[in-house]
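Inspection log for the structure reproduced underneath, given as structure tokens.
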Amino acid sequence: MNSPWARRRFLNRKRGSFGGTPEVRRLRRRPAGGKFSALSLLRRGISGEDWPRVWRRHELAESYDVVIVGGGLHGLATAHYLAQNHGITNVGVLEKSYIGSGASGRNTAIVRSNYLTPEGVAFYDRSVRLFENLSADLNFNIMFEQRGHLTLAHSDASLRTMRWRAEVNKVHGIDSEVIGPDEIRKLVPFMDVSLDARYPILGALWHPPGGIARHDAVVWAYARAADAAGVHIHMNTEVTGIDVERGKVTGVRTSAGRISTPIVVNCTAGWSSIISDMAGVKMPIHTRPLQAAVTEPVKSFLDPVVVSGSLHVYISQTARGELVFGAATDPYASYSTRGSLEFIEGLAGHVLALMPALSKMRILRQWAGLCDMTPDFSPIIGPTHVDGFYVDVGWGTYGFKAGPVAGEQIAEVVATGTIPELIAPFQLDRFEKGALTGEKGAAAVGH
Amino acid sequence: MLVIECPWCGPRNSSEFSFSGTKKPRPTGPPTPAQWRRYLYEQDNLAGLTRERWFHVDGCRRFLDIERHNVTNQINQIEIVGGR
């Protein structure tokens, strides 16, 4: 109970597994399959009874109060917070494939808040705080591990950026500091920190609250909580059009029929500009694939998340032992999710420059996810000029770590019609006004 | 690797080229700041056939107009801007 973290965890357990106001808690049905606990595990272990599905199937309703396009982390988090914080439960989530099949299941699952701009730092800090309590809040183990996040600097210029970031972070109360090669060696003993290395490591930005989570589990946890609150999740339901009459949203056309609704929230990551086009909203977005890869699982040896902006690589080891590698976005716009050999070749070279000991590791698989890139590496989250059409897009290379806070904030925008201070810098009209954010602390930005 | 058949240099790896985005019309006449920013930041981001501008930076250093399907990456047409 000495550290603030322990105290927060204790209070969280005491509060019970589900948050929300008393009325919402009363209204909420038990999640399908009941509450997860050691007792329920024991009971099913003895009886051999199957675990029921954690979210249900529903017929497409003729109308919803809110329709969310995209059944990934952002869409499901939005549905959950609409129900939990605002009591709006007549909500349909439309997903063209299975939930979490897009960027939510393709990212490298890193969570951190050591950004460069004050707007970014405040926003992602809120997300880290939500992540810390998410397993208990949603009664679902999302396997969030705060192992620390290490961003390496290979040049004076990038060391200067690290110092800048550390100072911005400290001003906002984020645990973040610049450390030298000796301290890096203690954190990651087998990393080549010698000056003879191909890309010598001069220092690093060390961010202890950063870490990784199990990305599928976060999606499933929000799906289960939203389903328990009465939200309808429709998989294999593709949106084919959005009806707008006199500047107001009236409905959504889908592959399974039309739904009438006054509110549509676009949470579709790489495909977001296609959905926005349906409502007649033009977006400053272009879609690029970002490739990632994992190795075969090995015994746990790498604790922190290691990132090198100059080498365009980030490395972490999952709980089951696989090393996860991510990189920069592909050099040209595309909607293709095929991996490429030149990516693996370049990635392997950079990883081995940092950690020569990994030369015998084998790549298990590689994949690509689609990133909707904005000109200033910041999201677009809020209302548009079409009444009832909201966007939570432009998540580029940083959507996973922002899932909880984005869901919470856009739910507030939809429910109250006001724009919270946290997302005021991320409005669509900033491009026309020339008030861009310029987040150079984002992943995939060369330093 | 995506291979681009440069009309000047022949088939080359896409890593020799730099991608400068889909083609869009410049505003005509003196634009307002808002119009200019829309031109700078907005673009069509369709999934399908797109007209793009590429630059053969490590080759003939000519600008190319390329028609490419951005889901399959198939290239249908390549022209040197302003002809050979």
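The values are calculated or read from the model by the stated rules, or taken from the named source; none is laboratory data. Bear in mind the structure is a predicted one, so any value in this text is a computation, not a measurement. Counting neighbours? That spans all protein chains shown, and the Cβs are built from the backbone with ideal geometry, glycine included. Side chains included, ligands, DNA and RNA excluded: accessible areas come from the protein's heavy atoms. Shrake-Rupley method; radii C 1.70, N 1.55, O 1.52, S 1.80 Å.
Could you let me know the centre-to-centre spacing of region A:99-172 and region A:264-315, using Cα atoms, in angstrom? Answer, in whole Å: 14. Going 7 Å from the Cα of A:Arg129 in the Cα-to-Cβ direction, what parts of region A:380-404 have a backbone nitrogen less than 15 Å from that spot? Under cut-off, by backbone N: A:404.
Summarising the amide proton neighbourhood of A:Leu428: residues at separation of 5 or more, or on other chains, whose placed amide H is nearer than 5 Å comprise A:Ile381.
Remark: mean inter-chain Cβ contacts per residue of A:324-334 equal 4, using a 10 Å Cβ-Cβ cutoff to other protein chain atoms. Local charge for A:Glu167 was computed over the other residues whose Cβ lies under 14 Å away, with Lys and Arg +1 and Asp and Glu -1, and equals +2. Inter-chain Cβ neighbour count for B:35-47, averaged per residue, equals 6 (cutoff 10 Å, partner chain atoms only). For region B:4-84, applying the loop criterion from DSSP together with a ceiling of 15 other beta carbons within 10 Å to the chymotrypsin sites (Phe, Trp or Tyr not before Pro) yields B:Trp8.
A cut-off of 5 Å between modelled amide H atoms, ignoring neighbours fewer than 5 places along the same chain, links B:Gly21 with B:Arg53.
Rounded to the nearest 500, the helix-only mean residue ellipticity at 222 nm of chain A stands at -10000 deg cm²/dmol, with each DSSP H run of n ≥ 4 adding -39,500 (n - 2.57). Taking a ≥ b ≥ c as the square roots of the eigenvalues of the Cα gyration tensor, region A:125-261 is prolate, since a/c reaches 1.5 or more and a/b is larger than b/c. Structural descriptor for chain B: relative contact order 27 percent, calculated from alpha carbon pairs under 8 angstrom and at least 6 residues apart.
Rolling a 1.4 Å probe over the protein heavy atoms gives region A:77-164 an accessible area of 32 Å² per residue. Using a Gaussian network model of chain A whose springs link C-alpha atoms within less than 10 Å, name the residue from A:Arg185, A:Arg288, A:Arg258 with the highest mean-square fluctuation. Top of the fluctuation ranking is A:Arg185.
Using a simple spin-label model with pseudo-atoms 7 Å out from Cα toward Cβ, B:Asn76 and A:Met361 lie 4.3 nm apart. Converting phi to 3J(HN,Hα) with the Karplus coefficients 6.51, -1.76 and 1.60 and the offset θ = phi - 60°, region A:394-409 yields x, 7, x, 10, 9, x, 4, 5, 9, x, x, 5, 5, x, 5, 6 Hz in sequence order, with x at every glycine or proline. Over chain A, Cα pairs under 8 Å with separation of 6+ residues give a relative contact order of 21 percent. Between the Cα long axis of helix A:73-86 and the first principal axis of chain A there is an angle of about 50°, rounded to the nearest 10.
With R₀ set to 22 Å, the beta-carbon distance separating B:Arg61 from B:Glu5 gives a calculated FRET efficiency near 0.85. Between B:Ser20 and A:Ala353, the modelled label-to-label distance comes to 2.8 nm, taking each label 7 Å out from Cα in the direction of the beta carbon. Between B:Ala34 and A:Ser40, the FRET efficiency estimated from the beta carbon spacing at R0 = 60 angstrom works out to 0.55.
Applying a threshold of 23 Å to the alpha-carbon distances of A:Lys170/A:Lys433; A:Lys282/A:Lys433; A:Lys35/A:Lys401 flags A:Lys170/A:Lys433; A:Lys35/A:Lys401 as lying beyond it. For A:Arg198, put the label point 7 Å out on the Cα→Cβ axis and report which residues of region A:283-308 keep their amide N under 16 Å from it. Label zone hits: A:308.
For A:Ser101, put the label point 7 Å out on the Cα→Cβ axis and report which residues of region A:51-71 keep their amide N under 11 Å from it. Residues passing the 11 Å test: A:71. In this label model, A:Asn236 and A:Arg253 are separated by 2.3 nm, measuring between points 7 Å along each Cα→Cβ vector. A Gaussian network model of chain B, with springs between Cα atoms under 10 Å, assigns the largest mean-square fluctuation among B:Thr22, B:Thr72, B:Thr50 to B:Thr72. Tell me the angle of helix A:4-15 to the major Cα principal axis of chain A, expressed in degrees between 0 and 90 and rounded to the nearest ten. It is inclined by approximately 20 degrees. Computing FRET efficiency as 1/(1 + (r/R0)^6) for A:His58 and A:Asn141, where r is the C-beta to C-beta distance and R0 is 25 Å, gives about 0.45.
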